[in-house]
Amino acid sequence: MPNSFTLPTPSTATHPWPQAMTIIHAFTSDVAFIELLDENHIDTHDVTSIDYANALSLYSENYIHDKSINDTTFAQVALLANAPYFLHIQKEMAKFDHEKEHRWLSDDEIRYLKGFKPYMAWFNQHISDYMYAHPTESMSDMNYSLAEISSSAFPGERDIIENELMQAMRGARTESITRQLLDRTSLQYDSGTPEDDLRGGDLMLIRNGQRVKVDIKSSISSIARLRGGYEQIDRQHISFGISHKHGTNKSDDVIELFPGFDRYDLGDSFSLNVPESDVQQHADYVAEQLHLALDQHGI
């Protein structure tokens, strides 16, 4: 289980995302949702099953397109409705990771696990996009909201699901803040797609008409492993590496970047919790590292 953590008290006395939470609670009594469960032979009373969570995810997509809600609430509803399914998939993946230590997985089991990857990439990107669009909101509010809506699906496991969600949120936050920093530079980029993410790109850097995948790392240790040790990083003053995913085809290469900040620079926020002058220094550092990486890549 991930390391434990302490979150501040959510910013509101009742619930940080009240309108979105009300919409999600209304799903369970909607006639159309009950019919969806019945049509797929899903027990309407077993809110703990993965099938129920998947149905909630699918139903929310149809529902929110039919309602007049603002963009923020729309994004919150999507996150809340998908959090239980995300957590179920995390459990499935952890179960098979444990199984791999003791036996070979069958081809069907491998295909089953691979089938989850597009969804996981989408959900993680949705978290990152929400954080990027709402830099003044807080980790504690998001974690409380997602854990609260998921608690009925995982009775007695509140601490576990909070930790699972926090791990996903921390990775997504590093990506979203790196995008905030890139907005302060002359580098061109876009956030990419879930398909880009599956091929290793948290974002896509654009130079001379070419798109290069960038994998944002939350720790310098990943770069040290890629470069052959911390002494190489210290000597060359770099925090990036280029991983060659498939032979010599440059279109498959990925720039792996540690953006130079960690969670101690962030606190409970979706943005750097440092003086403005330091924020720009971080942005300049990220730009310098990526320019070096692009030059090394020959673009």
Study note, to complete from the structure: Per the filter on region 33-78, residues part of a helix (DSSP H, G or I), without any contact (Cβ under 8 Å) to a residue 24 or more places away in the chain, closer than 18 Å to Ser151 by Cα and out of contact with any helix residue (DSSP H, G or I) (no Cβ under 6 Å at 6 or more places or on another chain) are Asp51
Check your understanding: What residue, among those in region 220-253 that are in contact with a Gly (Cβ under 7 Å, 6 or more places away or on another chain) and at pLDDT 75 or above, is surrounded by the fewest Cβ atoms within 10 Å (Cβ to Cβ)?
Key -> Leu226
Practice item. Those residues that are over 18 Å from the mean Cα position of the chain (by Cα) and not in a loop (DSSP other than H, G, I, E, B), I need them from region 154-178; list them, please. Key: Arg158, Asp159
Check your understanding: Which helices (runs of 4 or more DSSP H) sit wholly inside region 179-287 and have at least 2 residues that are more than 29 Å from Lys114 (Cβ to Cβ)?
Key -> 220-227, 230-236
Exercise for review: Exactly one condition in (1) buried (at least 20 other Cβ atoms within 10 Å of the Cβ); (2) at pLDDT 95 or above is not met by Met139; state its number.
Suggested key: (2)
Review point. Does at least one position in region 30-53 carry a residue that is under 24 Å from Ser140 (Cβ atoms) and not hydrophobic (A, V, I, L, M, F, W, C)?
Key: no
Exercise for review: Find the residue count for region 72-99, including only residues that are over 18 Å from the mean Cα position of the chain (by Cα) and either loosely packed, with under 13 Cβ neighbours inside 10 Å or outside the structural domain of Asp129 (by TED's automatic domain parsing) (or both).
Suggested key: 4
Exercise for review: All but one of (1) farther than 30 Å from Leu181 by Cβ; (2) surrounded by 17 or more Cβ atoms within 10 Å (Cβ to Cβ) hold for Asp43, so report the exception by its number.
Suggested key: (2)
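Listed here are the residues, each with its yes/no results for (1) of a type in the set (Val, Ile, Thr); (2) in contact with a helix residue (DSSP H, G or I) (Cβ under 7 Å, 6 or more places away or on another chain).
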| position | (1), (2) |
| --- | --- |
| Ala153 | no, yes |
| Glu157 | no, no |
| Leu165 | no, yes |
| Ala168 | no, yes |
| Arg173 | no, yes |
| Thr178 | yes, yes |
| Thr185 | yes, yes |
| Tyr189 | no, yes |
| Pro194 | no, yes |
Exercise for review: Considering every residue within region 181-190, establish whether at least one is at pLDDT 90 or above, within 23 Å of Ile89 (Cβ to Cβ), buried (at least 18 other Cβ atoms within 10 Å of the Cβ) and hydrophobic (A, V, I, L, M, F, W, C).
Suggested key: no
Study note, to complete from the structure: Inside region 257-279, the number of residues satisfying the requirement of being in contact with a strand residue (DSSP E or B) (Cβ under 8 Å, 6 or more places away or on another chain) and under 13 Å from Ser140 (Cβ atoms) is 3
**Study point:** Residue ID - surrounded by the most Cβ atoms within 10 Å (Cβ to Cβ), chosen from residues in region 100-116 that are assigned to a helix (DSSP H, G or I) and of a type in the set (Asp, Glu)
**Key:** Glu109
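The values are calculated or read from the model by the stated rules, or taken from the named source; none is laboratory data. What you are looking at is a predicted structure, and each value in this text was computed from that prediction instead of being measured. Positions of Cβ are backbone-derived with ideal geometry, glycine not excepted, and every protein chain shown enters the neighbour counts.
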